[in-house]
Amino acid sequence: MCGIIGYKGPKNAVNIVLEGLKSLEYRGYDSWGIAAKSNSKIIVEKKEGKLGNATLDLDSNFAMGHTRWATHGEAVAKNAHPHLSNDGNIAVAHNGIIENYQAQREFLTKQGFTFKSDTDTEVIPITIEYHMQKGYNFIEAAKRSLKHLEGQYAIVAFHADEDSLIAIRREAPLVLGIGDKEFFVASDIPAFLKYTRRVIFLEDQDLAIINSDLKIFNLAKDIPVKREISTIEWSPEQAQKGKFDHFFLKEISEQAEVVSRATAIDTKQIENIVKEIKEAKGIYFVACGSAAHACMHGLYLFSKIAKVHVNFCIASEFPYFQHFIVPESLVIAISQSGETADTLAAIRAAKEHGAKVISIVNVMGSTLVRESDRSILQGAGPEICVLSTKAYTSQLAILTLLAYALANKFEDGKAMIKELMRHIYYLTSENTRRFVRRLAEKLRYAPSIYLIGRGLQYPTALEAALKIKEVSYIHAEAYAGGELKHGSIALIEHGTPCIVFTSSETEKDIINNAVELKSRGAYIIGIGPKNNMVFDFYIKVRDAGEFNPLIQIIPIQILAYQLALLRGCDPDMPRNLAKSVTVK
Ligand code: F1P
């Protein structure tokens, strides 16, 4: 949550930072700001709302920027970052939470310092200023300050009179970009991908000091350290919209290739993971949001295809369930970003019991990858839209393949996914989009939409409801078909839209549920292989058996996109959300 970027080099730093912020806006977009250094002065511009144009027109080669998802203090300009010290000489942009900020603020107030914002962040530059007043230089003062600041955070800071830009990573993502005589530091790679693919993933408690060269100091070990430079495979185009109006649509359209890329997972790696799953005593999936829905599919798939029992727990609830974890347990964590705070907390809790952790992650070098015993990298490319689409289907493809590998049928699984490619292309095509738009026009004013499924279609219904509500703000709720009669059917009125996912396996029972809904006046939308007279609107998606989750969600992703457009909502940046939820 929150995106930060810093730049030091020969180019126009304000332009680079503004451009970088555009690629980081998915991390938070309720306010933004830039600080740049010019003639030993720090100039700041901050604004409420989504990123706009800066009026700052400085030829500076030293700047930082921030795009905010508010935690402490309302989303207004005074709370936007960067924040300055009282003397205006130290600027700080911060992602995360300073947990002891209240005590720190009280202490600093007693020392005569004043605060302009309601944020936890402002204590950072002022604490550094306090230490500088005691006679320490900027870097030493920053080191001392960090000892007093508790919590998880990533920070970029500079001083008006010093030539160093510093960056600190403490349990929040921060990556360095190494260019030609220039350095970038950002919450995520797309922020500088246009300029360099050479990166250093900072480790926890690393303090990077960027001058004409780069030095890294680990605060926990109190020693200088060397960190490896990695070259990342993403191309700059992958992080841009290209011919599409929105990342949401672009990423929906990339799903055929992304799913196909999942079949390229290294066989040896899969064999190792299969061995660990077979040896484990108790397997637990943990994740949040769409990744959690992928896990729920995993339960059905592992049971059905591999006859392996797996447990699932939403990551934020896992710490309350952790007590039965033993060293022989295996936790499989799934996360697009690899930075979701709740998912990280869950695996850390599991590791404290000595359990092994395997992760399925899209972002290379992310914290989850580094803290797992083994990881499968999804290779889905950067996912920029706040809503997960291609990363979700890629997770489904990998989980299905894992289940096939557990049943000694890995190659069969791969072949079946390849066979689906054409259908995925068709489902994401302009034709399907035009057809689904007709449905969106019917549903655009609906106060609520209900979605039902059974078996593998139940997690699909949950994910579909999430897609609709988070981007169109229409209330959407999913039920397992059999649960309707246990209460929720009371909500159905004349014209209530109900989306029914079918498959040959569940057809008989789910159609009965659809008929029960229709008898109470519901407007029934069927998605599945066979039309039925109970459907008022029907979208054909072929029957792919265990691979149904990969394709049945696509018409709903498109429906959610169309609903957002028709209702005037921003498809890429829905209100109140952020892509990478790095706070608990
Ligand atoms: C989990 C997640 C996403 C969702 C949104 C908020 O993220 O719930 O599924 O689309 O962006 O975060 P991750 O752990 O998969 O990165």
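Restricting the search to strands (runs of 3 or more DSSP E) fully inside segment 1-96 and requiring at least 1 residues that are touching a Ser or Thr at 6+ places or on another chain (Cβ under 9 Å), closer than 26 Å to L108 by Cβ and not aliphatic (A, V, I, L, M) gives 31-38, 41-48, 62-68. Filtering segment 317-345 to residues that are in contact with a helix residue (DSSP H, G or I) (Cβ under 7 Å, 6 or more places away or on another chain) and not in a loop (DSSP other than H, G, I, E, B) leaves F318, P319, Q322, L330, V331, A333, I334, S335, D342, T343, L344, A345.
On the stretch given as segment 135-163, residues that are assigned to a loop (DSSP other than H, G, I, E, B), in contact with a helix residue (DSSP H, G or I) (Cβ under 8 Å, 6 or more places away or on another chain) and over 27 Å from N39 (Cβ atoms) total 1.
Number of residues in segment 362-381 that are more than 12 Å from the ligand (Cβ to nearest atom) and assigned to a loop (DSSP other than H, G, I, E, B): the value is 6.
Considering only segment 539-581, how many residues are in a loop (DSSP other than H, G, I, E, B), modelled with pLDDT of 95 or more and within 14 Å of the ligand (Cβ to nearest atom)? The qualifying residues number 1. Does segment 150-170 contain at least one residue that is under 20 Å from I43 (Cα atoms) and among the aromatic types (F, W, Y)? Yes - at least one qualifying residue is present in segment 150-170. Residues in segment 295-336 that are among the hydroxyl-bearing types (S, T, Y) and within 16 Å of the ligand (Cβ to nearest atom): S316, S335.
Contact map, segment 289-313: first residue at positive phi, second residue more than 16 Å from the ligand (Cβ to nearest atom) and polar (S, T, N, Q), Cβ cut-off under 8 Å, separation 6 or more or different chains; the map is empty. Those helices (runs of 4 or more DSSP H) of segment 406-497 in which 1 or more residues are surrounded by fewer than 18 Cβ atoms within 10 Å (Cβ to Cβ) and away from the ligand (no atom under 16 Å from the Cβ) occupy 410-427, 430-443.
Condition check ((1) buried (at least 18 other Cβ atoms within 10 Å of the Cβ); (2) outside the structural domain of D222 (by TED's automatic domain parsing); (3) at positive phi) across all residues:
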| position | (1), (2), (3) |
| --- | --- |
| I98 | yes, no, no |
| T119 | yes, no, no |
| H159 | yes, no, no |
| D163 | no, no, no |
| K181 | no, no, yes |
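S359 meets the stated requirement of being of a type in the set (S, T, N, Q), closer than 21 Å to T393 by Cα, assigned to a strand (DSSP E or B) and touching a Leu at 6+ places or on another chain (Cβ under 8 Å).
V286 meets the stated requirement of being within 16 Å of the ligand (Cβ to nearest atom), of a type in the set (A, V, I, L, M) and touching a Cys at 6+ places or on another chain (Cβ under 8 Å).
Say we look at segment 273-298 and pick out the residues that are surrounded by fewer than 19 Cβ atoms within 10 Å (Cβ to Cβ) and either of a type in the set (D, E) or under 26 Å from the mean Cα position of the chain (by Cα) (or both); which of these is nearest to A578 (Cα to Cα)? Across segment 273-298, the extreme among qualifying residues is E276. Segment 179-286 holds helices (runs of 4 or more DSSP H) entirely within its bounds, and those carrying 2 or more residues that are more than 17 Å from L377 (Cα to Cα) and touching a residue at least 12 places away in the same chain (Cβ under 8 Å) map to 247-253, 267-279.
The values are calculated or read from the model by the stated rules, or taken from the named source; none is laboratory data. Everything numeric here is computed off the predicted structure, so don't read it as measured data. Methodologically, a virtual Cβ is constructed for each residue, glycine included, from the backbone with ideal geometry; neighbour enumeration extends over all protein chains shown.
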